[in-house]
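Coordinate-derived values only; no laboratory data. Just so we're clear, the structure is a prediction, and the values are computed from it rather than from any experiment. Note that each Cβ is placed from the backbone with ideal geometry, even for glycine, and that neighbours are counted across all protein chains shown.
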Amino acid sequence: MLNAVLNLAPMIPATTEYSSLIEDLTASKLPPVREGSWRAAARRALVERLLELAVGRGEHGAIDALAALLG
């Protein structure tokens with residue numbers, strides 16, 4: 001889901017609904033949608049969250065570590 005939203009990020013309109021969606025997916029606080037930095041902040045939040053998941057940090061990282069121990 002995160003990767004799909006990141007791929008669509010250049011086309012996503014700056015609305016409060018999409019801002020809320022991205023905030024929910026990334027657990028990040030974004031600037032108001034009327035600020036010029038919103039689009040960059042949204043993409044940054046998506047990339048950071050994807051990287052966290054890729055390296056096994058964040059809420060799902062503990063599950064991966066436990067699975068490796070059990071394996």
Compactness of region 9-52, expressed as Rg and Dmax over alpha-carbon positions, Å
9.3, 28
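Are there trypsin sites (Lys or Arg not before Pro) in region 12-54 that DSSP puts in a loop and that have at most 15 other Cβ atoms within 10 Å, and which ones?
Of the trypsin sites (Lys or Arg not before Pro), the ones in loops of region 12-54 whose Cβ has at most 15 other Cβ atoms within 10 Å are 29, 34.
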